[in-house]
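Since every read-out is calculated from the coordinates, none of them should be taken as a lab result. Source: prediction; values computed, not measured. Cβ sites come from the backbone with ideal geometry, for glycine too, and all protein chains shown count toward neighbours.
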Amino acid sequence: MKGTCLRVYLTERDKHRGELLYEWILEQARGLGIRGGSAFRAIAGYGRHGVKEEGFFELAGDAPVVVEFIATEVQADRLLSLLKAEKLSLFHVKTPVALGTT
């Protein structure tokens, strides 16, 4: 079966509507019928603006976060449309994937 992997990049402390942004995105995806999503916290990294994000002993709460979904292309596009409608400027990657179970 074919699907889409959607990854949205943000930082751990980003908020939207008074809620942590990664939690808000996960809830919106659930409401759109996307069956699963995960948020992954990075050890360190830098963003699209070239700014180095958190190291181990630096600025707690500013680590890069990836929110990832495996969904249909239609579901992924609906979530991206929602993020755009909310005026969120977030880098994302949308990749076709093959789905299956063993």
* To do: Using Cα extents along the principal axes in Å as the read-out, say which of (i) 46, 28, 25; (ii) 43, 33, 21; (iii) 58, 28, 19 was calculated from these coordinates.
  => (ii)
* To do: In debye, nearest 20, what is the charge dipole magnitude of the chain about its Cα centre with +1 on Lys and Arg Cβ and -1 on Asp and Glu Cβ, if you could check?
  => 360 debye
* Using alpha-carbon coordinates, inclination of helix 21-31 to the longest axis of the chain, degrees -> 10 degrees
* Spin-label zone in region 62-98 - amide nitrogen under 12 Å from a point set 7 Å from the Cα of Asp14 along the C-beta vector -> 63-68, 83-84, 87-93
* In degrees between 0 and 90, to the nearest 10, how far off the longest principal axis of the chain does helix 73-85 point, with axes built from Cα atoms? -> 40 degrees
